[in-house]
Amino acid sequence: MKILKALVIKEFYQMMRDPSTMLIAFILPFILLCVYQFALNLDTNTVSVGLKVEDNKAKISSLISSFENTEYIRLRRYDNRKKMEKDMEKGEIRGMIIIPNNFSTRIMRREAAQIQVITDGSETNTANFVANYASAIIQKWLNNEYKYWRVKRPTVQIVARFWYNEELNSHWFILPGALSVIMTLVGILLTALVVSREWERGTMEALITTKVTKTDILLGKYIPYFCLGMVSMAFGVFCCVVLFQVPFRGSYLVFALVSAFFLLTLIGQGFLISTLAKNQFVASQAALIAGFLPALMLSGLVYPISSMPKSVQFLSNFISAKYFVGCSQNLFMAGNIWDIFIPNSIFMIVMSVIFYLLIYRFTAQRLD
Amino acid sequence: MWNRIFTLIIKEFYSIWRDPKSRTLIFLPPLVQLCIFAYAATMEVQNIDMVILDKDNTVESRELSERFIHSVWFRKIYYVENEKQFSRMIESQKVMMGMEINTDFSKNLKGRKEAKVQMIFDGRQTNVSQILSGYTSSIVNQYEKDVFKSGYNDLPRVQVQVRHWFNTNLTYLDYTVVSLVATLAMVIGILLTSLSVAREREIGTFDQLIVSPLRPFEILIGKTFPPLVIATIISTMMGLFAVFIFKIPYSGSIWLFYVSTIVFLLAIVGIGLFISSICRTQQQAILGTFMFQMPAMLMSGYISPIENMPIFFQKLTFFNPIRFYMVIVKGLFFKNMPADVVFTNLIPVGITAVITLYCAYWMFNRNLD
């Protein structure tokens, strides 16, 4: 016990001495959360669209102004089609709307009038938005303009409700998930670096030759980085709730528990990587590849897991961030939903135990 | 002089190549990640599970439910008896959306009144809900039209003809693969350089390098060249993967691809070397590069478009080489981007390369005295 205490204290000293620890535990999370909050914007998509009107009848001025007055479209008028095409090639506009010269005539004759919408498919997501916005605006204009033409007919009205996030604020969804990515930094990367540095410098070997038991060595690393991670997590939650005004509807105690399980899997993963690599370069890259990138891509943070192919979905089961993101998003937006927390926690606990056992097995007590 | 640089370059190659673990780490992951993430990073929503509470249970309401079952986007439809089960399904995220049809649905339809259907989306998955609500309206609109064909013929109609240029079928996979080729090129470029100076400094060999006859300028070339070559090779491999395995047609010029890739990698290597040269330990160097890499990835225009960011962040992306390289790579793959557009996008990248490489050089120089 005394040995463990000494090891933990030594580790804390080392942590405090290196400014990069503070950088990774507090400054980097803060910067990243700011980027997620201010630079990532998944809900209001304003797209630049070019408009060329070949029909010069006064009738359609209201259509043009409905394109001008929507918050979704930044409209640019063109007279020259070639110029418009060139601008789309350059990426200055993401779509083109062309109203042909027989448009109003055909409308008056009650024939199907045509409008061409051409999008920049190389920005696949935006292309979808352009097409949908344009169709919706045209439909709305048509309904307004020709109200008196509408015969009385039954309609099916959709009453849409978005539970847990009525206004569909995407930051409420991104920030709680982003905490998982940030935690991989302290959990996997920092742990991997610290342990592999000890192997690289030979201090780990020196430690092994002493009376210190393996459990002491392991716990001597687990405890300090676990504490640092929890403090860093608390700081992250503070930023989300106080600075960025994300609601927190669950219990903080449950959140602390779930974070603890998550952190244990991360530290385990980082420790295991460095035990196997014993080299800071390899360890940091493995941490990036096995920890950070999967947490960003396969955890359901941005991209929905259920839409992925079966094989990738299967793979995501081994990413502990997936379980944490599920819990975190629920705790922030929905509250305490045990149907989700309990299975997810069990997965994380099992994972962390497996990692601990593997580290125990691979930390050689003798030198080779 | 060239002889000295050449020796240094050989040594640098050797130090990357020597360790089998780092060798594997450099070549394998980019290609594996390209294949996995290409399928993962999709904004398309598929395999939707849904719950239906049909209180009306008439021919009309069942017909509406059928529409969802037969849609390609949906996978499983659960029917429940009461509201409690309904909300529990949504709460526990068993389903992504729910539809509730009231008892007066068919009565209102027949009476030519407004028939309401309640759609519940899970706001916890903001993006998905947004897309789902789009799918839902199109399904319901189609249902409305089919059921009341007669009411529509005498109305003025506008046909919106949508064409998608450059990626005709809007294949999401093509878009992600090409974006990933650019992103992973950055990851690998940073990976190769971030440690090169810091590691030597930690071990002490950097001092030896400085007291050797090598000039700072020569050290800079020696440190820049090997990562540049390796990263270019990996970029080529990823590009070939995109064309031959993912079957994405490459429409632009090969030369423009290489010119811009090399300028881009120079900027990345410059950033890596600069960070590495100001750090005392490897740990600091790794964390320093993360400090650059993560915001750079998020602000590359891949996850969310640059045009929607606040002006301050938009200005900041001027120093983000990946933002411009992403435009170029997408342009070359999909649009056959002409040389003048490529070069306008390449200028800021070139500026970043010059500045960061000069800063790294200055750091090496400073170490001499």
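I want the antiparallel fraction of DSSP beta bridges within the protein assembly as shown, as a percent rounded to 5.
That works out to approximately 20 percent antiparallel.
Report the extension gain between A:Q116 and A:N101 in nm, rounded to one decimal, defined as 0.36 nm multiplied by the number of residues separating them, less their alpha carbon distance. Walk me through the numbers before you get to the answer.
Numbers: separation 15, 0.36 × 15 = 5.40 nm, distance 1.18 nm.
Net length gain for the segment: 4.2 nm.
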*Cα centroids of segment A:1-22 and segment B:231-268: how far apart, whole angstrom?*
46
*Of B:M97, B:M238, B:M119, which is the most mobile in a GNM of chain B whose springs link Cα atoms less than 10 angstrom apart?*
B:M119
*Going by C-beta contacts inside 10 Å, put B:W73, A:W338 in order with the fewest on the left.*
A:W338, B:W73
*Ranked B:Y172, A:Y360, criterion: other C-beta atoms within 10 Å, fewest first*: A:Y360, B:Y172
*Using a Gaussian network model of chain B whose springs link C-alpha atoms within less than 10 Å, name the residue from B:V160, B:V269, B:V243 with the highest mean-square fluctuation.*
B:V160
_Show me the ranking of peptides A:312-318, B:310-316 by mean Cβ neighbours inside 10 Å, starting with the highest._
A:312-318, B:310-316
*Rounded if a/c is under 1.5, else prolate if a/b is larger than b/c, else oblate: which is chain B, with a ≥ b ≥ c the root eigenvalues of its Cα gyration tensor?*
prolate
*Can you give the angle from 0 to 90° between the axis of helix B:339-368 and the longest principal axis of chain B, with both taken from C-alpha atoms, to the nearest 10?*
40
*What is the dipole size for chain B, taken about its Cα centre, with +1 at each Lys and Arg Cβ and -1 at each Asp and Glu Cβ, in debye to the nearest 20?*
440
_segment B:1-61-segment B:301-322 distance, computed between alpha-carbon centres (Å)_ = 22
*Peptide ranges A:176-184, B:277-285 listed from the most packed, as the mean C-beta count within 10 angstrom indicates*: A:176-184, B:277-285
*Show me A:58-70, B:290-302, A:188-200 ranked by packing, highest mean number of other Cβ atoms within 10 Å first.*
A:188-200, B:290-302, A:58-70
*asked:* If the reach is capped at under 18 angstrom between alpha carbons, list the lysines near A:K5, excluding any in the same chain fewer than eight residues apart.
replied: A:K211, A:K214, A:K221
*Can you sort A:K214, A:K82 so the residue with the fewest Cβ neighbours within 10 Å comes first?*
A:K82, A:K214
*Determine, from the Cβ-Cβ distance of B:R62 and B:R88 and an R0 of 22 Å, the FRET efficiency 1/(1 + (r/R0)^6), rounded to the nearest 0.05.*
0.40
*Beta bridges per DSSP with both ends in chain A, % antiparallel, nearest 5*: 25
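If you count the DSSP beta bridges with both ends in segment B:48-152, what percent of them are antiparallel, to the nearest 5?
Given both bridge residues lie in segment B:48-152, the antiparallel proportion sits at roughly 35 percent.
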*asked:* If each DSSP helix of 4+ residues adds -39,500 (n - 2.57) and the sum is divided by the residues in chain A, what number results at 222 nm, nearest 500 deg cm²/dmol?
replied: -18500 deg cm²/dmol
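Report the local net charge at B:V341: Lys and Arg +1, Asp and Glu -1, summed over other residues whose C-beta lies under 12 Å from its C-beta. Please report the intermediate quantities before stating the final value.
On the way: positive: A:K86, A:K90, B:K330, B:K335; negative: A:D87, A:E89, A:E92, B:D340.
The answer is 0.
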*For segment B:48-152, how many pairs of lysine residues have a Cα-Cα distance under 18 Å, where the two are 8 or more positions apart or belong to different chains?*
13
*Length-normalised contact order for chain A - Cα pairs under 8 Å, 6+ apart - percent*: 20
_For residues of B:305-316, the mean tally of beta carbons on other chains within 10 Å_ = 4
_Straight-line reach from A:K57: which lysines fall under 25 Å, measuring Cα to Cα and dropping same-chain residues less than 8 apart?_
A:K82, A:K83, A:K140, A:K147
*How large is ³J(HN,Hα), in whole Hz, for each residue of segment B:46-58 in order, when computed from phi with the Karplus curve 6.51 cos²θ - 1.76 cosθ + 1.60 and θ = phi - 60°, using x for Gly and Pro?*
9, 6, 7, 9, 9, 10, 10, 10, 9, 7, 7, 6, 10
_Partner lysines for B:K247 [C-alpha distance under 18 Å; skip if fewer than 8 residues away on the same chain]_ = B:K330, B:K335
*Lys/Arg +1, Asp/Glu -1 at C-beta; chain A dipole; positive extreme among A:I60, A:A256, A:G326*: A:I60
*asked:* Tell me the mean residue ellipticity at 222 nm calculated for chain B from its helices only (DSSP H runs of n ≥ 4, each -39500 (n - 2.57), averaged over every residue, nearest 500).
replied: -21500 deg cm²/dmol
_Average beta-carbon neighbours from other chains, 10 Å sphere, peptide A:294-301_ = 3
*Cα long-axis angle, helix A:214-238 against chain A (0 to 90 degrees, to the nearest 10)*: 30
*How crowded by other chains is B:165-175, given as the mean number of beta carbons from other chains within 10 Å of each beta carbon?*
5
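Every number in this text was worked out from the coordinates using simple rules, so none of it is lab data. Everything quoted here is computed from the prediction, not taken from an experiment. With ideal geometry, Cβ positions are generated from the backbone for all residues, glycine too; neighbour counts draw on all protein chains shown.
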